[in-house]
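Presented below is the structure to which this report refers.
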Amino acid sequence: MTEERVPIIAFVWRPGEISPPVSEMAQHTGSRAIFDLSTMGAEALHSFLQKADPVGHVSDIKISASALMNPSVGRLLKETGARNLWVECQSHFSPGDPSAFLKRLRTLSEDYRCFPIVGEMPLLAAMVKEGSGIGRIVLKGCEAAGFVSGETTLVLYSTVKEMLHASAKSLDVLIWGGVSTPEAAAAFLSTGAAGIVFESVHWLTDLVVMDDPQRQQLARLRMDSTALVGLDLQVPCRLFNKGNSLAFKKIRAFEEALCAAEITDESRHAFVDQVQASALHPLDSHFTQSEVIPLGSEAAFAASFAERFGPGTGKAVNAFMAEMRNLCGKAEAKRYCFLDSPVAREMGIKYPFIQGAMSSITETPEFASEIADAGGLPTIALGLMDAQACDRRLVRLPEIMGGRPYAVNVVSLAENPFRESHLAWIKQHRPRFVWIAGGDLSP
Ligand SMILES: Cc1cc2nc3c(=O)[nH]c(=O)nc-3n(C[C@H](O)[C@H](O)[C@H](O)COP(=O)(O)O)c2cc1C
């Protein structure tokens, strides 16, 4: 099918929200309404759509991986208006050989635009590979709701860009969830993203139906009202948790019990099944401690979205998109705004960016060199390295840095048993910058 080049801006809706006002709002604003039908099998979503949307206005639906794999789905959906299929591709949803899944996507792409939603690196790599037949991917980072990637959206995005650069393949890259402001959306769009899907930022506008207590709970959500579980099993899942969710605690305890034995595909599936069996859509919940609620960090921005852009969905989406376009229009002029900064010049670096110290991570000269090559100031974290480790790991630092500036970060607290040897190392090597992570330099 031919591609349109205008960025895709989409908002996710529940099946019960299929209605003329939502479709008209999408049409008037130039956004898309994606109806999430991923709890339905192929037959069920066909009969549901025939009833809920007899005129075929609904063009974008999210379906499950198992519905996608159903050989009848292509034929069944032809009788509906759905032409854009968004599907979550996580290995625990579609066990077995990913090549069968890729083949299915290719086959369905003859009649539909398929939007595979991905967060797992091996699957991403397979899709980005030359000859994969995949023309677009939708990145779902760990900020989004429910089962997510172990990586943040920005890490996924830059990794895919690097993969694409290396393979010279062209592919549309979209973002699913975790983007909450026109500023963030514009940053992705002006660096080449082909679209953004918003899971929940519109929830406090008037086309989203909920009761008053839900509205109040939603308006009170904060950035730290969600948390990840399942990381140790490698099936990360973001759920509502203000720190006191009993349901979250129970799922974490289940994960710990599974991790006590050898981690297998079966234990991962047991975890996924347990979460799915008890999960409630946030807007069907009341954000209580006993409910399992898949929720992305974006939901915490629903209140500021309605406040900034208005309570009417259509007007708010219009204003949001206008601001996004306005910011994208200014992007080119801002492109070089960090160059030629007096502070960077004084520090001897290209950009006024300092890489944060991370103990046990940013402690090799090679890493520091890459940061310097990219124009930032590298920071070596001395962390809790003993004197021998410092000498061993940092022996080639002066040679590798070749006179380029770098910083060293020292934990100058009594809790650091190697403080004295760190201070001695600093006196001996005299790095251009030293950051003190805590404490002071008094003897
Ligand atoms: C794994 C890890 C180790 C860190 N170690 C140090 C450290 O040794 N010294 C320090 O000053 N900050 C340390 N930090 C803090 C980071 O430098 C940074 O300030 C913090 O992660 C906030 O930045 P961010 O929001 O970009 O992650 C560490 C952070 C992480 C995630």
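Here is how the numbers come out for the structure above:
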quantity: Single unsatisfied condition, His286 versus (1) closer than 22 Å to Val209 by Cα; (2) crowded, with 21+ Cβ neighbours inside 10 Å; (3) not β-branched (Val, Ile, Thr); calculated: (2)
quantity: Unmet criterion (only one of (1) more than 25 Å from Glu370 (Cβ to Cβ); (2) not in a helix (DSSP H, G or I)) for Leu423; calculated: (2)
quantity: Which listed residue is under 27 Å from Phe35 (Cβ atoms) and within 19 Å of the chain's Cα centre (by Cα), from Thr205, Thr226; calculated: Thr226
quantity: Count of the stretch 291-346 residues which are surrounded by 19 or more Cβ atoms within 10 Å (Cβ to Cβ) and either at pLDDT below 95 or of a type in the set (S, T, N, Q) (or both); calculated: 2
quantity: Selection count where residues are in a strand (DSSP E or B) and of a type outside the set (D, E, K, R), scope the stretch 136-156; calculated: 5
quantity: Filtered residues of the stretch 124-157 (kept if surrounded by fewer than 18 Cβ atoms within 10 Å (Cβ to Cβ), on the phi < 0 side of the Ramachandran plot and modelled with pLDDT under 95); calculated: Ala125, Ala126, Lys129, Glu130
quantity: Test result for Val235, part of a loop (DSSP other than H, G, I, E, B) and closer than 23 Å to Gly177 by Cβ; calculated: yes
quantity: In the stretch 150-201, residue nearest to Arg215 (Cα to Cα) [restricted to those that are out of contact with any Gly (no Cβ under 9 Å at 6 or more places or on another chain) and of a type in the set (D, E, K, R)]; calculated: Glu183
quantity: Tally of residues being more than 16 Å from the ligand (Cβ to nearest atom) and within 14 Å of Ile380 (Cβ to Cβ) across the stretch 429-443; calculated: 3
quantity: Residue satisfying all of: in the stretch 201-227; surrounded by fewer than 15 Cβ atoms within 10 Å (Cβ to Cβ) and not charged (D, E, K, R); farthest from Lys140 (Cα to Cα) among these; calculated: Pro213
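Yes/no matrix, rows are residues, columns are (1) farther than 30 Å from Ile196 by Cα; (2) among the basic types (Lys, Arg); (3) in the same structural domain as Glu415 (by TED's automatic domain parsing):
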residue	(1), (2), (3)
Met324	no, no, no
Met347	yes, no, yes
Pro352	no, no, yes
Thr362	yes, no, yes
Phe367	yes, no, yes
Gly376	no, no, yes
Gly383	yes, no, yes
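Quick grid of which residues meet (1) modelled with pLDDT of 95 or more; (2) under 29 Å from the mean Cα position of the chain (by Cα); (3) not assigned by TED's automatic domain parsing to the domain that holds Glu110:
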position	(1), (2), (3)
Glu3	no, yes, yes
Met25	yes, yes, no
Gly30	yes, yes, no
Leu45	no, yes, no
Leu49	yes, no, no
Asp60	yes, yes, no
Ser64	no, yes, no
Lys78	no, no, no
Asn84	yes, yes, no
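One line per residue, one yes/no per condition, for (1) under 24 Å from Lys62 (Cα atoms); (2) at pLDDT 95 or above; (3) of a type in the set (Ser, Thr, Tyr); (4) out of contact with any His (no Cβ under 6 Å at 6 or more places or on another chain):
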| residue | (1), (2), (3), (4) |
| --- | --- |
| Leu174 | yes, yes, no, yes |
| Gly177 | yes, yes, no, yes |
| Gly195 | yes, yes, no, yes |
| Met210 | yes, no, no, yes |
| Ala219 | no, yes, no, yes |
| Met223 | no, no, no, yes |
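The values are calculated or read from the model by the stated rules, or taken from the named source; none is laboratory data. Nothing here was measured: the structure is a model prediction, and the numbers come from that model. Cβ coordinates were reconstructed from backbone atoms using ideal geometry, including for glycine residues, and neighbour counts include every protein chain displayed.
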